[in-house]
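Q: Just dropping this structure here.
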Amino acid sequence: MYTLLDIERGVPEVYGSTYDVRELLNATARLRDGEEVELPGPHFLREKLFEKSTDNEVGKLIADYKLIAEP
């Protein structure tokens, strides 16, 4: 855009962790003071939700940052 408008200015750098999920989860953990989130519902439903959440990459990150308590 700067080139098209003949503006002599450098392109501002983008801070890499702005969109990094790990940084967002780390910030969430710090905001909660390390307290885990309790999953809602009966015990058997919490177990199912926990199992489903740990099967993917985001779920593993959530478990690593200890945001979800194990049932």
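Q: Of the chain, which part is the longest with no GluC sites (Glu not before Pro) in a loop (DSSP not H, G, I, E, B) and with at most 12 other C-beta atoms within 10 angstrom?
A: Values: sites that count: Glu8, Glu13, Glu35, Glu38.
Free of exposed loop sites, the longest segment is 39-71.
Q: Please identify the trypsin sites (Lys or Arg not before Pro) of region 6-71 that satisfy two criteria: DSSP loop assignment and at most 11 other Cβ atoms within 10 Å. Which are they?
A: Numbers: sites: Arg9, Arg22, Arg30, Arg32, Arg46, Lys48, Lys52, Lys60, Lys66; in loops: Arg9, Arg32, Lys66.
Answer in residue order: Arg9.
Q: Turning to a different aspect of this structure: Step through the residues of region 7-14 one at a time and calculate ³J(HN,Hα) from phi using the Karplus curve (6.51 cos²θ - 1.76 cosθ + 1.60, θ = phi - 60°), rounding each to whole Hz and writing x for Gly and Pro.
A: 9, 8, 8, x, 6, x, 6, 9
Q: Enumerate the amide H contacts of Ile68 below 5 Å, restricted to partners 5 or more residues apart or on another chain; note that Pro and chain-start residues carry no placed amide H.
A: Val37
Q: What chymotrypsin sites (Phe, Trp or Tyr not before Pro) in the chain are in a loop by DSSP, with at most 12 other Cβ atoms within 10 Å of the Cβ?
A: Working: sites: Tyr2, Tyr15, Tyr19, Phe44, Phe50, Tyr65; in loops: Tyr2, Tyr15, Tyr65.
Sparse-neighbourhood loop chymotrypsin sites (Phe, Trp or Tyr not before Pro): Tyr2, Tyr15.
Q: Using just the helices of the chain, give the 222 nm mean residue ellipticity in deg cm²/dmol: DSSP H runs with n ≥ 4 each add -39,500 (n - 2.57), and the total is spread over all residues, rounded to 500. Numbers along the way, then the final one.
A: Details: 3 runs with 30 residues, N = 71.
Using -39500 (n - 2.57) per qualifying helix, the result is -12500 deg cm²/dmol.
Q: Report the relative contact order of the chain, percent, no decimals, based on alpha-carbon pairs under 8 angstrom and at least 6 residues apart. The partial results should precede the final answer.
A: Values: 42 pairs, mean separation 23.5, N = 71.
Over the chain, the number comes to 33 percent.
Q: Let me ask something else about it. Placing unit charges on C-beta atoms (Lys and Arg positive, Asp and Glu negative, everything else neutral), compute the dipole magnitude of the chain about its Cα centre in debye, rounded to 20. Don't skip to the end; give the middle numbers.
A: Values: 9 positive and 15 negative charges, 35 e Å.
Around 160 debye, computed over the chain.
Values in this text are rule-based calculations from the coordinates and carry no lab data. Since the structure is predicted, the reported quantities are computational estimates derived from the model, not experimental observations. Every residue, glycine as well, gets a Cβ built from its backbone with ideal geometry; the counts of neighbours run over all protein chains shown.
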